[in-house]
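Asks: Sharing a structure here in structure tokens format.
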Amino acid sequence: MPRQVALLRGINVGGHKKFSMAQQRALTAELGFQDVTVLLQTGNIVFADPGTPPEETARTLEAGFAAALGVPVPVMVRTRDDLAAAVAANPFPQAVAEPKTLHLTFLSEPPADTAPLDVLDPAVYEPDVFRLLGRDLYLWCPDGVGRSRLATAVTAASVKLGVTATARNWNTVLKILAAADA
């Protein structure tokens, strides 16, 4: 059965917007979604594809979560095939040997204006690199993302893109895809 994946932004970070895995699973099911699996505390929900466009599914989940929690919870939804395509499109295949160094930021839509990213001079941030492909932003920091100046710059720039964004490390992306394939 085809699957969709909901990627929640900004929950369970620094003690804010607490939304347990059990709550995520139960509320998603209450909203009419079936065969719900939740991975990790960061908001990765896999469920049977309801046959609605991902954008409509995202609106349904956002409204339901906001009503239940009393705070907005941005949600991006991808089909299983969208997620598999993003994995296949990875512009940094050499990074998969050290998956914790590779991050994928999911954007709600392709940004109309990429100027905030375009002004970043790649030479200043070497060996770290990024690439925007449609609504997916890949960031590879070979020496780790924790102290990466590029990771900080890309995060600041992504706020200015005018779209909602949420990032996952490559290990998590692969786990979500595996759950969507189960």
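Asks: Evaluate the distance, in nm, between pseudo-label points positioned 7 Å from the Cα of GLU98 and of THR152 along their respective Cα→Cβ axes.
Replies: My value for the distance between the label points is 2.0 nm.
Asks: Given H placed on each backbone N at 1.01 Å, which residues far from ASP49 in sequence or on other chains put an amide H within less than 5 Å of it?
Replies: Here the answer is ARG3, GLN4, since their amide H atoms fall under 5 Å of that of ASP49.
Asks: Which trypsin sites (Lys or Arg not before Pro) in the range 103-164 pass both tests, a DSSP loop state and at most 14 other beta-carbon atoms within 10 Å? Can you show the working numbers first?
Replies: Numbers: sites: ARG131, ARG135, ARG147, ARG149, LYS160; in loops: ARG135, ARG147, LYS160.
Here the sparse-neighbourhood loop sites are ARG147, LYS160.
Asks: Among the trypsin sites (Lys or Arg not before Pro) in the range 1-54, which ones are in a DSSP loop with at most 12 other Cβ atoms within 10 Å of the Cβ? Mind listing them? Walk me through the numbers on the way to the answer.
Replies: Numbers: sites: ARG3, ARG9, LYS17, LYS18, ARG25; in loops: ARG9, LYS17, LYS18.
Within the range 1-54, the qualifying trypsin sites (Lys or Arg not before Pro) (loop, at most 12 other Cβ atoms within 10 Å) are LYS18.
Asks: Could you grab the relative contact order for the chain? Cα pairs under 8 Å, six or more apart, rounded to a whole percent.
Replies: Relative contact order, the chain: 24 percent.
Asks: Compute the length gained on full extension between THR114 and ASP143: take 0.36 nm times their separation in residues and subtract their Cα-Cα distance, giving the result in nm to one decimal.
Replies: 7.8 nm
Asks: Which whole number of Å³ per residue matches the convex hull of the alpha-carbon atoms in the chain?
Replies: 112
Asks: For ARG131 and ARG59, what is the calculated FRET efficiency with R₀ set at 25 Å and r taken between the beta-carbons, to the nearest 0.05?
Replies: Between ARG131 and ARG59 the formula returns 0.30.
Asks: Using a cut-off of 23 Å between alpha-carbon atoms, which lysines can reach LYS175, once sequence neighbours fewer than 8 places away in the same chain are excluded?
Replies: LYS18, LYS100
FYI, it's all coordinate maths here, none of it is from the lab. Fair warning: this is a prediction, and the values are worked out from it, not measured in the lab. Heads up, the Cβs are rebuilt from the backbone with ideal geometry, glycines too, and the neighbour counts pull from every protein chain shown.
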